[in-house]
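S.K.: Shown below is the structure under consideration.
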Amino acid sequence: MSSANSNLLLPPHHDSHSRCNSDSGPVIATTPLVTFLQRLQETALNTYGKSNFDPKLYVDLSLKSKLSFTESAFDRLPRGSDHHGSVSAEDLREFLREYFEGAGEDLVYVKPEDFVPEPEGFLPKVKNEQVRNWALEVHSLWKNLSRKVSDEVLKNPALHTLLPLPHHVIIPGSRFKEVYYWDSYWVIRGLLASKMYDTAKSTVSNLISLVEEHGYVLNGARAYYTNRSQPPLLSAMVCEIYKRTEDLDLARKSLPALIKEYQFWNSGQHRVTIQDDQACDHTLSRYYAMWNKPRPESSTFDKESASKISDASEKQRFYREVASTAESGWDFSTRWMKNPTDFTTLATTSVLPVDLNAFILGMELDIAFLAKVTGDHCVSEQFSEASRTRRKAMESIFWNAEMGQWNDYWLSNSKHKEAQIWEAENQNPKIFASNFIPLWIELFHSDAFLVDKVMGSLQSSGLLCDCGIATSLANSGRQWDFPNGWAPIQHMIIEGLAKSGLKEARSLAEDIAVRWIKTNYIAYKRTGSMHEKYNVEKCGDFGGGGEYVPQTGFGWSNGVVLALLEEFGWPEDRTID
Ligand SMILES: OC[C@H]1O[C@H](O[C@H]2O[C@H](CO)[C@@H](O)[C@H](O)[C@H]2O)[C@H](O)[C@@H](O)[C@@H]1O
């Protein structure tokens, strides 16, 4: 029977048929600077204590002089006699002042050249003055989030964990002072609404440079993010820009990188073959980080989470699951936990995720489209064929006709190398917003019968709340769970419904968009900021939970508000507060 992608330009690979309990898979080495900064992070925790402690701050510091010099000075600091060997707050402060630049100083503010306070043709459908003025304020936030890598990083990269990128960047904001992969898609959607085409293209060129160097887009542009990617949306970014600008050159330049990225997601540990109940093989993808130690940016947290695991190999397995969850973008959520109350049961590599495969299906369609417009009909046909094959795989493995949703599929915990055989009970029946993400992809939202069914399922799912779509139904305290709503999730589901062509679906899409825009607006008026996530139960409240304090700025939230206002507009007589 057919196996997906068999005729594509794929590297030799080993299918991952099984998963056993002990850790397995590749590990990408980190840099000596990251390793040292992790030591510093641990010392800082012992010195300052847990309250308000953000471990990421320490791995974002850059050195004033050589690592060996800094490390010797660190080792000479007077230590207390407790078992942590803690350093006094004063000594640590002095050490930090003497040997480090401030976190974030290696990225410098730069005004985007294509920014104008009110672009021509900006959000023509927004007629309400109050909303229009706010939209212009959100638009102006691109200036706050725009940075370029300082010349110091280019001169002496070994002193920085920040990775040099060729063009200026838009960052998410607050503690996220570097470029993030999937955030960039919604940043670009907002930039396009803001008519900032050059900044949008620079964003894509930066990500392409990462594929050229590493073979995939990193989670973020830091030395400690090289061991994993994030939800793959580079092809979607290129297509959106192409549709607005018809820039054939961009399409041509992007294609080799997109095909290389496609190979990354369809080979090695990311690729899994599973046989359906008709004995037909299907190839799908999963998240699988190339790392089995604590995440450097959250090392102190991860060590604490792992402290109750005594077996060394089981610990490594847990750390790989943690990093793989970060690769999913949904860090963290009960979606990936065998036991929702026990974080050590995180098992992301055992899950075939619906949304990841929807994104890769999107990638296949995008590559087919870009290859076609650039005249490469052979590649275009190969990727169209791959998309048809993946669609079938998604129908066989994920689709749950009774629920009217696509469910994540949990791989069996087999120690043997035989193929996974699909079993209905391995579909996860729990309701997550990700169960509706395939709607975003044209092959699915162009099917009116299917959209009608999925829409009904969404309406009765419990996810639709007063202020948007909840991430899940589990109030776990994890940030990718109830009652948090995230801008990218709202946008994908809204856009899928709106593009379906069904009148009722478009009207539901607009209804969700209005709720989401309102809560963003009210929170902005209350706090003066755009937020990383929102509480979909309480209008005007931002979200919480998770391992760091709620962040503001915020790239993807700004992008989604602008994209939704561009799509649906805002009539003069509709109130917002
Ligand atoms: O520092 C903890 C984790 O932070 C990031 O994840 C969260 O922020 C990202 C940037 O907005 C976003 O892309 C992701 O979906 C969020 O969960 C980072 O991506 C993780 O790797 C990191 O461990």
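Values quoted throughout were computed directly from the atomic coordinates according to the rules given, and no laboratory measurement underlies them. Predicted model, so just to flag it, every value in this text is computed and none were measured. Cβ: placed from backbone, ideal geometry, glycine included. Neighbour counts: every protein chain shown.
S.K.: Please give the peptides 507-517, 197-207, 395-405 ranked by average Cβ packing (other Cβ atoms within 10 Å per residue), highest first, as a rough proxy for protection. Don't jump to the answer; show the numbers that get you there.
M.R.: Working: 507-517: 19.7, 197-207: 21.7, 395-405: 17.2.
Most protected by this proxy first, the peptides run 197-207, 507-517, 395-405.
S.K.: Shifting gears a bit: If the limit is 26 Å between Cα atoms, which of Lys148/Lys253; Lys148/Lys372; Lys111/Lys372 go over it?
M.R.: Beyond 26 Å: Lys148/Lys372; Lys111/Lys372.
S.K.: May I ask what percent, to the nearest 5, of DSSP beta bridges between residues of the chain are antiparallel?
M.R.: Bridges in the chain that DSSP calls antiparallel: roughly 90 percent.
S.K.: So how many Å³ per residue does the convex hull of the Cα atoms of the stretch 32-103 work out to?
M.R.: Normalising the Cα hull of the stretch 32-103 by residue number yields 84 Å³.
S.K.: Another question, then. Enumerate the lysines that Lys308 could reach by cross-link, defined here as Cα to Cα under 18 Å, with residues fewer than 8 away along the same chain left out.
M.R.: Qualifying lysines at Cα under 18 Å: Lys293, Lys338.
S.K.: Roughly how big is the stretch 91-231's charge dipole about its Cα centre, with Cβ charges of +1 (Lys, Arg) and -1 (Asp, Glu), in debye to the nearest 20?
M.R.: 540
S.K.: When the convex hull of the Cα atoms of the stretch 475-577 is projected onto a plane and the area is averaged over all directions, what value comes out in nm²?
M.R.: Over all viewing directions, the stretch 475-577 projects a mean Cα-hull area of 6.7 nm².
S.K.: Highest mean first, how do 299-307, 84-92, 354-362, 384-392 rank when packing is the count of other Cβ atoms within 10 Å averaged over residues?
M.R.: 354-362, 384-392, 299-307, 84-92
S.K.: Viscosity 0.890 mPa s, temperature 25 °C: give me the Stokes-Einstein translational D for the stretch 208-345 in µm²/s, with Rh taken as the Kirkwood radius over C-alpha pairs. It would help to have the intermediate numbers written out before the result.
M.R.: Details: Rh = 16.9 Å.
Rounded to a whole number, D works out at 145 µm²/s.
S.K.: Determine, for the stretch 432-576, the count of lysine pairs separated by eight or more sequence positions (or lying on different chains) whose alpha-carbon distance falls under 23 Å.
M.R.: Lysine pairs, 8 or more places apart or on different chains, close enough: 8.
S.K.: For a quick check: sort Arg76, Arg317, Arg222 by the number of other beta carbons within 10 angstrom, fewest at the front. Don't skip to the end; give the middle numbers.
M.R.: Working: Arg76 9, Arg317 25, Arg222 22.
If I rank by nearby Cβ atoms, fewest first, I get Arg76, Arg222, Arg317.
S.K.: Let me ask you something else. Quick check on the chain: what are the equivalent-ellipsoid semi-axes from the Cα gyration tensor, as sqrt(5λ), descending, whole Å?
M.R.: 35, 30, 24
S.K.: Choose one of Phe343, Leu356, Ser529: the residue whose Cα lies farthest towards the positive end of the charge dipole of the chain (beta-carbon charges +1 Lys, Arg; -1 Asp, Glu; about the Cα centre).
M.R.: The residue sitting farthest along the positive end of the dipole is Phe343.
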